[in-house]
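Structure record follows, encoded as structure tokens.
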Amino acid sequence: MKIAVLVKQVVGSESSLDISPDNKWIDESNATFVMNPPDSYAIEEAMNIKEKIGEGEVVIVSMGADSVQKVIREALSKGADRGIHVQTDGTAFIDPLNTAKNIVSALDGENFDLILSGLQSDDTGMGQTGVLVGELLNMSTATLAIETDIDSEHIRVKRELESGWFQWVRLESPASISIQSGINQPRYPSLKGIMGAKKKEIKVVPLSFHETKQQVEKISIPQKSKETEIINTDIDSSVKRIVEILKSEVKVF
Amino acid sequence: MKSLVIIEHKNGVLHRMSREAISGAQKIGGDITALVIGENAESISSELSNFKIEKTIIVNHELVPYYNVDGYKEIIKQVVNTISPDIIITGHTYQARDFMPRISAALDIPFIPDIVELEDSIYIKQVLNSKLNASISSSSDRVLISFQSASFSEEDVIKGSSSSESFDVDLDSSSIKSKSDDPFQESASEVDLESAELIVSVGRGIEKEENKSIAFELAEVIGAEVSASRPVVDAGWLPSSRQVGSSGSTVSPKLYLSLGVSGAIQHVVGMKGSKNILAINKDSDAPIFEIADYAVVGDLLEIVPKLIATLKDS
Ligand SMILES: Cc1cc2nc3c(=O)[nH]c(=O)nc-3n(C[C@H](O)[C@H](O)[C@H](O)COP(=O)(O)OP(=O)(O)OC[C@H]3O[C@@H](n4cnc5c(N)ncnc54)[C@H](O)[C@@H]3O)c2cc1C
Ligand SMILES: Nc1ncnc2c1ncn2[C@@H]1O[C@H](COP(=O)(O)O)[C@@H](O)[C@H]1O
């Protein structure tokens, strides 16, 4: 089975977020980058499926600036077989349809049986790129998979629905599936894996679609909707104030 | 301006967020058409007839009696091509996440999801872990959008009267590539968060599994239940029955005391109804502070043990 995993590099949750001078994104030179956390579950699921079937290939696909090769290597060190880097000049993309078209064209001739993606990227939160790729490639699709039952004969996924409901869905092959976080426990790379990853191939593909249909006009700091008492003092005074709140204002006792 | 609102329903009940979507569509103004698909479409459309919209379109096809992503894509595509709306609207539900991108790619129109606010063709959504807002514009003359839960109020829906008509679609069984079993719920949980009066909630800021003991200790001292954010459950530190948020429980205790929870929308929808929210977080810009009554900026691993000791002493 040939499996592609879409992996994005995003600004880390601990990163500083300074709004850029043109007000259209953040100043990325002060930011720290990580693998989009949901995508590590998609990588792990792909590895598990390949290991269960006993044959196949896991290919990591990432679009972005040259720095995304770092997250591709990270995935290769966990055992993925090779990488495809769809190269941009580094400006942030808020147009998932453009991203999906570029990924689809980079996958030309590959004919994957399965494409796995994370459910959402932490930076732009579009929650759609994997499904777009699936539709553009005329695949069947499913989102929010919290368990998979996949072998060379059939594809079944347990989808998470709202408020604690679930549903099993059978899909025709090929399929593009977005993976819900928590589906598995992502492995750490081994030392051997890290060494081995250096020799694995990363193919670099240029952008082929440039038209964008949506763009950021402005970035702003959200307005507060509630009156909040801010307690930002030394620990002893903070603790004293919390005790007061619990006792006299919220009356928990 | 012509808009098409795609209605979601289950067991004959209209989804709350579909009402919010109608409310949002009314704010945008212009002609609103609602689309209801499936075997319960008739009864749902009678509820919609009380709203101030242009009309409701009903599609009841034997191949799509209930939700199916392939069926929805085909049906919506045909409806859109016939009535030519400028804007196609849904609530940002799990179902919308499933089918809206399919329509986006099939019709080559952008899908701007999870919108919290809009002003004249500028759509505002949260980005970067909800810490900033992005105002997004589109150069396409047709867009798909979805509204974040509670961005518009279902109470604000303007009443009126409207008619409904059925719409014939041309569907072939070969276009349905996925087949769903019946939805089910997992076995009942060990805790009842929804009726808890006091809740201590732990987020990823707890840092290590062994640190969860301080949350349990604090909970014991004040008589609270312990809940968690999703990453804490994903890591296996607490069972999923303790998860609060869009994929967990919805709680409204007298006190929600959160420890190291950032305040992502999927968490906040599950707890923003709490009477008092006290949040401890070391990041003064954490989004949880926007909805907190009491925002304690500091390291929970230092504050909470002292808090426990002080409460025990008194
Ligand atoms: C479809 C979907 C469904 C989801 N469903 C849910 C759901 O039901 N429930 C849910 O919770 N999430 C859900 N999520 C995930 C959600 O988007 C967030 O990723 C999650 O809520 C973040 O959890 P967190 O706040 O614990 O972790 P983080 O976002 O990592 O935040 C950790 C926080 O701890 C603070 N911190 C770190 N160390 C300390 C310290 N020593 N002292 C004090 N503060 C500290 C940090 O400043 C940070 O604010 C869902 C996401 C999607 C896309
Ligand atoms: N630039 C990208 N390169 C590779 N994969 C991506 C990219 N953007 C999004 N994805 C994938 O699509 C998923 C959903 O992203 P999004 O639609 O941006 O929320 C992510 O979790 C990734 O798996």
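The values are calculated or read from the model by the stated rules, or taken from the named source; none is laboratory data. If you're wondering where the values come from, they're calculated on a predicted model, not measured in any experiment. FYI the Cβ positions are ideal-geometry reconstructions off the backbone, even for glycines, and counts take in every protein chain you see.
Data overview
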quantity: Among the candidates A:94, A:72, residue that is aliphatic (A, V, I, L, M) and under 24 Å from residue A:49 (Cβ atoms); calculated: A:72
quantity: Residues being away from ligand 1 (no atom under 16 Å from the Cβ) and either at positive phi or among the aliphatic types (A, V, I, L, M) (or both) - total across the range A:128-171; calculated: 10
quantity: Test: residue in the range B:193-206 that is exposed (fewer than 12 other Cβ atoms within 10 Å of the Cβ) and at pLDDT 95 or above; calculated: no
quantity: Residues of the range B:127-154 classified as within 7 Å of chain A (Cβ to nearest Cβ) and closer than 23 Å to residue A:132 by Cα, total; calculated: 10
quantity: The listed residue being within 16 Å of ligand 2 (Cβ to nearest atom), in contact (Cβ under 8 Å) with a residue 24 or more places away in the chain and assigned by TED's automatic domain parsing to the domain that holds residue B:16, out of B:130, B:140; calculated: B:130
quantity: Residue in the range A:68-75 that is within 16 Å of ligand 1 (Cβ to nearest atom), on the phi < 0 side of the Ramachandran plot and aliphatic (A, V, I, L, M) present; calculated: no
quantity: Tally, over the range B:164-221, of residues that are closer than 30 Å to residue B:71 by Cβ and assigned to a loop (DSSP other than H, G, I, E, B); calculated: 12
quantity: Filter result (within 14 Å of residue A:81 (Cα to Cα), buried (at least 22 other Cβ atoms within 10 Å of the Cβ) and of a type in the set (Val, Ile, Thr)) within the range A:8-58; calculated: A:43, A:58
quantity: Selection from the range B:142-163 of residues that are part of a strand (DSSP E or B) and either crowded, with 16+ Cβ neighbours inside 10 Å or modelled with pLDDT under 95 (or both); calculated: B:143, B:144, B:145, B:146, B:147
quantity: Flag for residue B:277 being crowded, with 22+ Cβ neighbours inside 10 Å and at the interface with chain A (Cβ under 9 Å from one of its Cβ atoms); calculated: yes
quantity: Qualifying residue in the range A:215-230 (condition: more than 30 Å from residue A:25 (Cβ to Cβ) and either of a type in the set (A, V, I, L, M, F, W, C) or touching a residue at least 60 places away in the same chain (Cβ under 8 Å) (or both)); calculated: no
quantity: Condition met for residue A:172 (of a type outside the set (S, T, N, Q) and either more than 9 Å from every other protein chain (Cβ to nearest Cβ) or buried (at least 17 other Cβ atoms within 10 Å of the Cβ) (or both)); calculated: no
quantity: Out of B:24, B:30, B:71, sole residue that is more than 25 Å from residue A:178 (Cα to Cα), in contact (Cβ under 8 Å) with a residue 12 or more places away in the chain, buried (at least 19 other Cβ atoms within 10 Å of the Cβ) and not hydrophobic (A, V, I, L, M, F, W, C); calculated: B:24
quantity: Enumeration of residues in the range A:113-128 that are more than 7 Å from every other protein chain (Cβ to nearest Cβ), under 23 Å from residue B:262 (Cβ atoms) and of a type outside the set (Gly, Ala, Ser); calculated: A:119, A:120
quantity: Any chance residue A:110 is under 20 Å from the mean Cα position of the chain (by Cα), away from ligand 1 (no atom under 12 Å from the Cβ), at pLDDT 95 or above and acidic (Asp, Glu); calculated: no
quantity: Conditions (1) without any contact (Cβ under 8 Å) to a residue 40 or more places away in the chain; (2) under 26 Å from residue A:167 (Cβ atoms); (3) within 12 Å of ligand 2 (Cβ to nearest atom): number failed by residue A:139; calculated: (3)
quantity: Looking only at the range B:1-50, and only at residues there that are assigned to a strand (DSSP E or B) and not hydrophobic (A, V, I, L, M, F, W, C), the one that is modelled with the lowest pLDDT; calculated: B:10
quantity: Where a residue in the range B:283-305 is under 12 Å from residue A:239 (Cβ atoms) and more than 7 Å from chain A (Cβ to nearest Cβ) and its partner, wherever it lies, is near ligand 1 (Cβ under 9 Å from one of its atoms) and hydrophobic (A, V, I, L, M, F, W, C), with Cβ under 8 Å and at least six apart; calculated: B:300/B:206; B:300/B:259; B:300/B:280; B:304/B:259; B:304/B:280
